[in-house]
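What follows is a set of notes on a single structure, which appears directly below.
Derivation of every value follows stated rules applied to the coordinates shown; laboratory data play no part. In this text the structure is predicted, and so the values were computed from the model without any measurement. All Cβ positions, glycine included, derive from the backbone under ideal geometry; neighbour counts span all protein chains shown.
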Amino acid sequence: MTETPGNRRELKNIGYELFIGSLSILSIFNLVAYYVFLREHNVQIVLGIMNAIMMPIFLGDFIYRFVTAPSRSQYFWRKFGWADLISSIPLPQVKILRLFRLWRVIRLFIEFGARNLIHQFITQRAQNALLTVIFLVICVLEFGSIAVLIAESSAPNANITSAADAIWWAYVTITTVGYGDKYRPPTGAELSASLSRPRVLVCLARWWFPRQHIPLPG
């Protein structure tokens with residue numbers, strides 16, 4: 001498929017589109033995971049908190065696309081802008097509408113062309129560093145919290161027993177603060193702890209920005 005001027009105006013920065021598409025996938029995954037973990041109340045709370053974090057991002061994306069659209073009425077009615085708006089509401093029943101946002105990103109990428117996409121993605125990766133870090137932090141907070149909750153659920157002397165404890169533990173682990181008020185036992189939670197450490201993010205950054213000198217934290 002060939003790219004048209006209208007599609008070029010509709011397509012935002014490649015990194016931004018990938019960021020929104022990745023968040024949409026994560027949001028839909030959370031919707032499925034919510035029903036998978038019906039018996040895990042704390043895991044459901046973590047999923048709800050992460051969805052609450054993503055909600056203003058999706059709402060901001062709708063406002064951004066609506067304001068910059070060549071035709072606002074066409075975007076809202078024919079390009080599923082109404083689905084973007086409704087899916088930004090913090091109700092689990094409407095989150096499935098984020099599939100429309102994901103479909104738009106996929107369609108634009110197809111029309112933009114794989115060669116152009118790869119070229120733009122590689123050449124603009126430094127400009128997209130902030131969005132990459134934000135998405136990685138969201139993923140680490142969510143999956144780190146869920147992993148430590150699952151690991152601690154069978155620990156005899158569990159110290160992390162609630163969603164708030166798990167998110168706080170993941171947060172202080174990411175920031176290397178390590179207050180010590182919440183800690184994981186030396187069992188299966190070691191994996192979740194290692195994935196939450198800044199060293200992992202820095203190693204990813206070194207791979208992503210090979211020309212930049214990024215010192216590893218001690």
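With each label point set 7 Å from Cα along the Cα-Cβ vector, what nm distance links T123 and W82?
About 3.9 nm, to one decimal.
Gap in Å between the Cα centre of region 34-110 and the Cα centre of region 133-154?
With region 133-154 and region 34-110 each reduced to a Cα centre, they are spaced 22 Å.
Tell me the label-point distance for the pair Y35, T68, using the 7 Å Cα-to-Cβ offset, in nm and rounded to one decimal.
Roughly 3.5 nm, to one decimal.
What are the ³J(HN,Hα) values, in whole Hz, obtained from phi via the Karplus relation 6.51 cos²θ - 1.76 cosθ + 1.60 with θ = phi - 60°, for each residue of region 159-170 in sequence order, with x given for Gly and Pro?
9, 10, 10, 9, 5, 4, 4, 5, 5, 5, 4, 5
Using each residue's phi in region 133-144, evaluate 6.51 cos²θ - 1.76 cosθ + 1.60 at θ = phi - 60° and report the 3J(HN,Hα) Karplus result to the nearest Hz, with x for Gly and Pro.
5, 4, 5, 5, 5, 4, 5, 5, 4, 5, 6, x
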